[in-house]
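Derivation of every value follows stated rules applied to the coordinates shown; laboratory data play no part. Just so it is clear, the model here is predicted, and its values are computed rather than measured. Note that each Cβ is placed from the backbone with ideal geometry, even for glycine, and that neighbours are counted across all protein chains shown.
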Amino acid sequence: MKAKILIMLAGIGMLAACKGRGNYSAESAITDSVKLVKTADMRIKVKDVQSVAERISKLTLECGGMVTHNNQQANTISQQDLKLSDDSVKRLTVFNRTADLTLKMPTQFLEPFMDSLNHLGIYVDARKLDIEDRTIDYAETELKAENRKESAKVRSKIKLTQAGADTLLALKDEFVDKKIANMRTDQAAYFSTLSLNLYENNAVHAEVIVNDDLGAYNTPVSTRIGLALSNGWRVFGDVMVGLLNLWVFILAIGGLWYAVICYRRKRKVVKAVV
């Protein structure tokens, strides 16, 4: 109950802060002379990864941000099957769930948002915030872009050879590259990046499933005895039928054996007379 109350308070606090952002816009950030790019990382232990990840996604949207990466997965630690019967087993699975999220949000809400996340978890393993000042780099790029723009204007008024036209095109491309680079800096300064890693304690899941080990399915002994007697009688019948199919050979062998016996008896009589 205490954890639910903390989550509700954290959500209310973040919602109020985000709704109070007024008319702050990307244009106001771009015109700001100071270009600070903030990136942050947090690793948090939570009770339920899925519910906390859903809550964080909702709060991010309420703050005018977005979730650019959301990867949740269940990790199996170990597994054991307990046989209940020949056709069913109870499977015990030890697992945990993790989530990796990447958030983009207006820079002014980054640190209050991170503070609120402390109340959504059991505790924070790690928290890191890096601030990169790109003000001078921004000014340098802006000045070089203007120089290339002016140079391109001058060259465009002169009749150029093919080589000169190529140089003019290269200058224009460099001008575009500088402007795009500063646009990226503007965006990075306005939208901070927060990388989150959520994890939870190991849990045990129990379920009754069909036994997929075919070797465990045995026929009852009484049925096997009946099948053995039936199969024995069938084999005996097959042998007798096979022998009957050989009756000609059996008669021939019997006749030959009888002739041999008669011949031996006759020889014995002849020897006795002599």
Problem set entry | Estimated FRET transfer efficiency (N211, V34; beta-carbon r; R0 51 Å; 0.05) | 0.15
Exercise. Over all distinct Cα pairs, what is the inverse of the mean 1/r for region 46-158, reported as the Kirkwood hydrodynamic radius in Å?
Worked result: 19.3 Å
Problem set entry | Unsatisfied cross-links (Cα-Cα over 25 Å) in the set K47/K83; K45/K90; K38/K58; K58/K178; K38/K153 | K47/K83; K45/K90; K58/K178; K38/K153
Problem set entry | Likely footprinting exposure, V46, V239, V52, fewest C-beta neighbours within 10 Å first | V239, V52, V46
